[in-house]
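Have a look at the structure below, then the notes.
Coordinate-derived values only; no laboratory data. Please read all numbers here as calculations on a predicted model, not as lab measurements. Note that each Cβ is placed from the backbone with ideal geometry, even for glycine, and that neighbours are counted across all protein chains shown.
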Amino acid sequence: MPEPPGAYAYLLGLYLGDGCISVVGDAGKRVWSLRIMCADSWPGLRDECARAMTAIRPLNRVRVLQKQGCSEVNSYSMHWPHLFPQHGPGKKHQRAIVLAGWQEEIVAEHPGLFARGLIHSDGYRGTNRVRRPVGGEDKWYEYPRYLFKNESADILRLCGETLDRLGVAWRHNKPNEISVARRDAVARLDQFVGPKY
């Protein structure tokens, strides 16, 4: 099992959302690159990603490469495909995403960090504004909520199972999106995730 498992749970969530593994180099010197794209709007998230990558492979250098509107956090290692067996050809939503038994153990031990990684990659915490007619006038209501959007039914299932494990009420508000909107559920998820920074 990768060490430390908490950092791995977080990195796994990021990988399932915004990560990929690709081979680089020629036939004689091939190596695998774990690449996770992080929006420049959230520099704290980018730094947390780099720390998690370093924690899992401390002897491998982690690079932050500036792209248009985002940063690519990457590291080379021959071990990345073993650490992320979900790696494969094609897009994640076009193939089965199933956790290995040892990954399931880590996620069960660290569900909050796994949820944090998922939401940091493909999620959002913001304010929802709703207009309701009351007594002939429009009234506006605001409340915080989380949204998690992913095209993979398997990744959505993993997110839902993790929220269940954390005791966070959720629902599908769209076929490819999970919403956490009840006040107590948002407060509970805030203990593990909170706004992006």
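Couple of notes before you dig in:
- Computed FRET value (nearest 0.05) for residue 104 with residue 51, which takes r as the C-beta separation and R₀ as 25 Å: 0.55
- In degrees, nearest ten, helix 5-18 long axis to first principal axis of the chain (Cα): 80
- Relative to the longest principal axis of the Cα atoms of the chain, the long axis of helix 153-166 makes an angle of roughly 70 degrees.
- Here segment 142-160 and segment 103-125 have alpha carbon centers that stand 11 Å from each other.
- With a Förster radius of 45 Å applied to the C-beta separation of residue 94 and residue 137, the computed FRET efficiency comes to 0.40.
- Subtracting the Cα-Cα distance of residue 30 and residue 182 from their residue separation scaled by 0.36 nm leaves 49.8 nm.
- For segment 5-93, the gyration tensor built on C-alpha atoms gives a rounded shape. Its axis ratio a/c (a ≥ b ≥ c) stays under 1.5.
- Ranked list, fewest to most other Cβ atoms within 10 Å of each Cβ, for 65, 34: 65, 34
- Each of residue 169 and residue 22 was given a label point 7 Å from its Cα along the Cα-to-Cβ line. The distance between the two points is 4.4 nm.
- Other residues within the sphere of radius under 14 Å centred on the Cβ of residue 11, judged by their own Cβ, net out at +1 (K and R +1, D and E -1).
- Using C-alpha pairs below 8 Å separated by at least 6 residues, the relative contact order for the chain is 21 percent.
- For residue 149, neighbours were defined as the other residues whose beta-carbon sits under 10 Å from its Cβ, and their charges (Lys and Arg +1, Asp and Glu -1) total -2.
- Other residues with beta-carbon under 11 Å from the beta-carbon of residue 80 carry, at +1 per Lys or Arg and -1 per Asp or Glu, a net charge of +2.
- Entry note, the chain: the mean residue ellipticity at 222 nm calculated from DSSP H runs of n ≥ 4, each adding -39500 (n - 2.57), is -11500 deg cm²/dmol after division by the residues and rounding to the nearest 500.
- Rounded tilt (10° steps) of 111-122 against the dominant C-alpha axis of the chain: 90
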